[in-house]
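Every number here is computed from the coordinates shown, using simple stated rules; none is lab data. Worth saying up front: this structure is predicted, and the values here are computed from it rather than measured. In this analysis, Cβ positions are derived from the backbone assuming ideal geometry, glycine residues included, and neighbour counts consider all displayed protein chains.
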């Protein structure tokens, strides 16, 4: 598995912020590769997970780190366009602290070693970045280091019990396909997914 002990989340959080900036108001109700989420819910999820993993890095445990992501379908408040890039910056900065990856922390109501929490955060940013780009018709070029870490994280989880309940069944992708497509397949998504009518 890729060593994420020195991985800077900043390049990938900037990719997400750029994608979010490119979302128009009339796209917020559009479909995404996550069947239960419209674009606005996906953005709300990105905002919530950024807060949760920021606080997990800081070991600031409480409501933001204790709540399961399945507790409710997330939504956006009126200030999300200003709030999301700010929280993404804070997320990246929090994980630059060497102490963030040491010891135990919590995210989504699950206790995790700090290094594992960092790997989960990277995977969430890479996969949901693809979701957002694909749903809104934008080009997606994830940070290559984050992409490799996400791929290795998902590959290592393939044979773990209960894996399909978390990620969904692996979608077979040719071994010669681009790394992004193989990573998306490991996440339980079809790399060819597109919104209706596109």
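Counting every other Cβ atom within 10 Å of each residue's Cβ, 73, 39, 87 order from fewest to most as 73, 87, 39.
Quick one: 5, 24, fewest Cβ neighbours within 10 Å first, how do they rank? Each step should come with its number before you reach the end.
Values: 5 12, 24 9.
Ordered by Cβ neighbours within 10 Å, fewest first: 24, 5.
Once the Cβ-Cβ distance between residue 6 and residue 111 is put in as r, and R0 is 25 Å, what FRET efficiency do you end up with, to the nearest 0.05?
Calculated value: 0.60.
Note on residue 102 and residue 140: their simple-model spin labels are 3.6 nm apart, each label 7 Å out from Cα toward Cβ. Computed over the alpha carbons of the chain, Rg followed by Dmax gives 15.7, 48 Å. With the convex hull drawn over the C-alpha atoms of the stretch 28-120, the volume per residue is 93 Å³. Apply the a/c threshold of 1.5 to the C-alpha gyration tensor of the stretch 88-198 and tell me whether it is rounded, prolate or oblate. It comes out prolate by the Cα gyration axes.
As an exercise, use a Förster radius of 25 Å and the Cβ-Cβ distance of residue 18 and residue 179 to find the FRET efficiency, rounded to the nearest 0.05. Efficiency, rounded to the nearest 0.05: 0.80.
State the extension gain, in nm to one decimal, for the chain segment bounded by residue 83 and residue 156, taking 0.36 nm per residue of separation less the distance between their alpha-carbons.
Working: separation 73, 0.36 × 73 = 26.28 nm, distance 3.34 nm.
Answer, rounded to one decimal: 22.9 nm.
From its DSSP helices (H runs of at least four residues, each -39,500 (n - 2.57)), the chain gives a residue-normalised ellipticity at 222 nm of -16000 deg cm²/dmol. The stretch between residue 196 and residue 70 holds 42.8 nm of extra length on full extension. This uses 0.36 nm per residue minus the Cα-Cα distance.
Suppose R0 equals 35 Å; then what is the FRET efficiency for residue 61 and residue 29 from their Cβ-Cβ distance, rounded to the nearest 0.05?
On the way: r = 34 Å, r/R0 = 0.98.
Computed FRET efficiency for residue 61 and residue 29 comes out at 0.50.
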